[in-house]
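Notes follow once the structure below has been shown.
The values are calculated or read from the model by the stated rules, or taken from the named source; none is laboratory data. The model shown is predicted, which means the values in this text are computed figures rather than measured ones. We place every Cβ from the backbone using ideal geometry, glycine too, and count neighbours over all the protein chains shown. These accessible areas exclude ligands, DNA and RNA; they are computed on the full protein's heavy atoms, side chains included. Shrake-Rupley method; radii C 1.70, N 1.55, O 1.52, S 1.80 Å.
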Amino acid sequence: MADVEQTASVPDGSSNGSDAVNGTAARFVSSAEGTALAYGSLLLMALLPIFFGALRSVGCSKSKSPSDMPETITSRDAARFPIIASCTLFGLYLFFKTGEQLIGYIHRQKTNHVIQLNTIFSQEYINLLLSMYFFVLGILALSHTMSPFMYRVFPANLPNKQYQLLFTQGSGDSKEEIVNYEFDTKDLICLCVSSVVGVWYVLKKHWVANNLFGLAFALNGVELLHLNNVSTGCILLGGLFVYDVFWVFGTNVMVTVAKSFEAPIKLVFPQDLLEKGLDASNFAMLGLGDIVIPGIFIALLLRFDVSLKKNTRTYFYTSFLAYIFGLGLTIFVMHTFKHAQPALLYLVPACIGFPVLVALLKGELTEMFRYEESSPEEASSKEEITESDKDK
């Protein structure tokens, strides 16, 4: 679902839309030290959002704030996701390939319509729209990521004023709230810092700015996307396992779509950093799908650990170490055979198999698969029923 890719060009957003581990021959031959630094940095950057996102997901599941309310993924959602992702991926592939063929045909006919079609199918035009879209999303994601840190370092002697952004529709008794967002000075500071990073990314497409947005997206995904039980996690990871293997090994669709996008949907690190510094251009890449998808399963196991009330984090650390093993094996195979590798081919068996084996040895396998998380709506309705029963 994500790419570890070598390329001698400026990052072009190629996370393959859903991600796979991709190794291509690089024009620049990196040193062994540079390659090790790049892959090691990608591994470390992948672990950070999973670890901290999982920890934050525990508090998020208990939060009453609408902005921190998690989105619960059910078994039906998990079963449909690979199908929807495949349709979307193939649709984008057809769009780009059809555009290329039409423009090529009209070029051969030497007609003036090529100007209009170049505008419609231009990758630059599409990437501009994507840049503005991810500019807004990135600012919001990075602000949300920074807010806990800001609350710790904000000077106590500075006034922290409260603000409210309110949009309503209608008037009088028929007035309806469209947006009701409360924030304070600390949130404004986070928003300003994030906006600076956003402008830097839009203007320069620098790999550091790309990574800041990518890490924020990944951490927010792990924190706010919740699987309702382990069975749902197995369905989701199993479906995407097949999806990833098919679109990477079976076709060139994923790679084609990946190279047509320019968006912070991957983490990158230069393999020629030691030679060229921050101006390096030979990047190894890791798509966010290989972080978020296993990450939400690892976060679920952490919440399962908490529910056991044994003051241990056995399943969290087991799955976390399994992720390190799986991603490390992916990078090793890709680097050894110099061939595209779907990362979930290695991550899914590791992240599911290791915790299940531990649960089997501890005699907690049934308890693990019986663990269930309610959606925020279901949890609130249960609380209301409980309170009404108490009143009776």
> Would you say Ile352 is part of a helix (DSSP H, G or I), under 23 Å from the mean Cα position of the chain (by Cα), closer than 21 Å to Gly239 by Cβ and touching a residue at least 40 places away in the same chain (Cβ under 8 Å)?
Replying inline: yes
> Could we say that Val197 is closer than 21 Å to Cys60 by Cβ, β-branched (Val, Ile, Thr) and touching a Gly at 6+ places or on another chain (Cβ under 9 Å) here?
Replying inline: no
> What tally of residues in the range 314-325 results from selecting those that are surrounded by 17 or more Cβ atoms within 10 Å (Cβ to Cβ) and of a type outside the set (Gly, Ala, Ser)?
Replying inline: 6
> Could you say which residue among Leu327, Leu308, Leu321 is of a type in the set (A, V, I, L, M, F, W, C) and touching a residue at least 60 places away in the same chain (Cβ under 8 Å)?
Replying inline: Leu327
> In the range 293-313, what count of residues is obtained for those that are open to solvent by 10 Å² or more (accessible area, probe 1.4 Å) and touching a strand residue (DSSP E or B) at 6+ places or on another chain (Cβ under 7 Å)?
Replying inline: 0
> How many residues are farther than 23 Å from Val202 by Cβ, of a type in the set (S, T, N, Q) and in contact (Cβ under 8 Å) with a residue 12 or more places away in the chain if we restrict to the range 246-282?
Replying inline: 3
>> Of the conditions (1) surrounded by 16 or more Cβ atoms within 10 Å (Cβ to Cβ); (2) part of a helix (DSSP H, G or I); (3) more than 18 Å from the chain's Cα centre (by Cα), Ala216 satisfies every one except a single condition; which number is it?
In response: (3)
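Kindly establish whether Asn118 is modelled with pLDDT under 75 and under 23 Å from His206 (Cβ atoms). Spell out how you get there, then give the answer.
Values: modelled with pLDDT under 75: yes; under 23 Å from His206 (Cβ atoms): no.
Answer is no for this residue.
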> Which one is least open to solvent (accessible area, probe 1.4 Å), of the residues in the range 369-381 that are at pLDDT 85 or above and farther than 18 Å from Ser57 by Cα?
Replying inline: Phe369
>> For the range 129-148, give me each residue that is open to solvent by less than 20 Å² (accessible area, probe 1.4 Å), more than 11 Å from Val202 (Cβ to Cβ) and among the hydrophobic types (A, V, I, L, M, F, W, C).
In response: Ala141, Leu142
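Would you tally the residues in the range 247-287 being more than 26 Å from Phe95 (Cα to Cα) and outside any helix (DSSP H, G or I)? Working first, answer last.
To start, the set of residues in the range 247-287 that are more than 26 Å from Phe95 (Cα to Cα) comprises 268-284.
So of that shortlist, the ones also outside any helix (DSSP H, G or I) come out as 268-272, 280-284.
Total satisfying the criteria: 10.
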>> Considering only residues that are modelled with pLDDT of 90 or more, open to solvent by 60 Å² or more (accessible area, probe 1.4 Å) and more than 16 Å from the chain's Cα centre (by Cα), which ones fall in the range 78-92?
In response: Arg80, Ile83, Ile84, Cys87
> Of all residues in the range 181-210, which are surrounded by fewer than 20 Cβ atoms within 10 Å (Cβ to Cβ) and farther than 23 Å from Phe154 by Cβ?
Replying inline: Val199, Trp200, Val202, Leu203, Lys204, Lys205, His206, Val208
> (1) at pLDDT 95 or above; (2) under 24 Å from the mean Cα position of the chain (by Cα): which one isn't true of Ala359, the others all being true?
Replying inline: (2)
>> Against the conditions (1) open to solvent by 30 Å² or more (accessible area, probe 1.4 Å); (2) touching an Asp or Glu at 6+ places or on another chain (Cβ under 7 Å), where does Ala258 fall short? Just the number, please.
In response: (1)
